[in-house]
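Visitor: Shown below is the structure under consideration.
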DNA sequence: GAGAACTATTTGCACAAGCAGGTAAGCCGC
DNA sequence: GCGGCTTACCTGCTTGTGCAAATAGTTCTC
């Protein structure tokens, strides 16, 4: 034992830290969004992902990947949101197996309403995490990630 | 809009990256551990947490915090593991409300068997993630976290 | 252009999670 | 040492998830 075990231990520790921070943020967001807008984190994520495709549509599978969900979960998630009138499904003429989803005005509206709470909760949680010695380094690292290929500049 | 929105966008991007990496690792571990040892990631985490308290016990609530689970989920999780003979519950004389859990030899054994797969899967997934442009920076950051207060030296 | 092979989505089923409510045990003031 | 409050854990119920199988549509081969 030695070098290999050390590397494994570093990875394991990193993973524990990652999981801990993820759990903290996830549950904070879940509570906040659920309480105010009856939205789960995944649901918010899906709406948000759709809004980035503004004017566009997304296939179920793209959505599944974006939300890190199985396709069956995606089907039901989309159904829930559709029932609430937040998005709409429609077949695309191109490939009639494919189903596209699109935000409705209501969906866009709810997302706009929820975003500030989402951001505020995220900020609060990160700040809180920055005070915990075992999470602080990761929080710092998050802020220093590549400027994020956010909205790919329309260069 | 401007500075504030930028900060929010950075946080949101960081969160998306964090969530993506977490999801990737989590599902890889889940599949591997489930297939080989019929263990979920949370179950493994609990066994692992217990093993760190070697010779010791943990109360349900400590366990709940360690696994980022609700107490009801913890009850059932512990029940599952107990039924499989991997850990044992016992009342502690101190505070008869409290219930302590301890790894059984079988539990220790299964954990020892599963750990290499866990570590290997973790390594493979991190390596894979390091090839994705959007995840690579975070993976690098993980490796550079504080040397981790691993096993707090018995100083 | 008919059939095999593949892909996209949906549905049946089993399971694990959270919340709310229940019970047992400790703690406190009197 | 008896009520009242709190804490620690367990149980009923509802919901979301993944896997596997079913269905509908596309593509490729001959």
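Visitor: Multiplying the sequence separation of residue B:82 and residue B:27 by 0.36 nm and subtracting their Cα-Cα distance, what value in nm do you get? Working shown, then result.
Guide: On the way: separation 55, 0.36 × 55 = 19.80 nm, distance 2.45 nm.
Extra length available between residue B:82 and residue B:27 comes to 17.3 nm.
Visitor: Sum -39500 (n - 2.57) across every DSSP H segment of at least 4 residues in the protein assembly as shown, then divide by the residue count to get the 222 nm mean residue ellipticity, nearest 500.
Guide: Working: 12 runs with 202 residues, N = 310.
Per the formula, -22000 deg cm²/dmol.
Visitor: Suppose you put the label 7 Å out from Cα in the Cβ direction; list, shortest first and in nm with one decimal, how far residue B:40 is from each other copy's label.
Guide: Copy-to-copy label distances for residue B:40: 1.3 nm.
Visitor: Calculate the spin-label point distance for residue A:123 paired with residue B:109, positioning each point 7 Å from the Cα along the beta-carbon direction, and give it in nanometres.
Guide: Going by the 7 Å Cα→Cβ label model, 5.5 nm.
Visitor: Once the label point is placed 7 Å from Cα along Cβ, list for residue A:70 the distances to the corresponding points in the other copies, in nm, shortest first.
Guide: Ordered by increasing distance: 2.1 nm.
Visitor: Note the distances from residue A:130 to each other copy's matching label point, with points 7 Å along the Cα-to-beta-carbon direction, in nm, sorted shortest first.
Guide: Result for residue A:130, in nm, nearest copy first: 2.9.
Visitor: Same structure again: By how many degrees, between 0 and 90 and to the nearest 10, does the Cα long axis of helix A:71-83 differ from the longest principal axis of chain A?
Guide: Helix A:71-83 and the main axis of chain A meet at about 60 degrees.
Visitor: Could you grab the relative contact order for chain B? Cα pairs under 8 Å, six or more apart, rounded to a whole percent.
Guide: Working: 127 pairs, mean separation 37.6, N = 155.
Across chain B, relative contact order equals 24 percent.
Visitor: If you don't mind, there's one more thing I want to ask. Tilt of helix A:41-52 relative to the longest C-alpha principal axis of chain A, in degrees (0 to 90, nearest 10)?
Guide: 60 degrees
Any read-out appearing in this document is the output of simple, stated calculations on the displayed coordinates, not a laboratory observation. Here the structure is a predicted model, which is why all the values come from computation and not from measurement. Cβ: placed from backbone, ideal geometry, glycine included. Neighbour counts: every protein chain shown.
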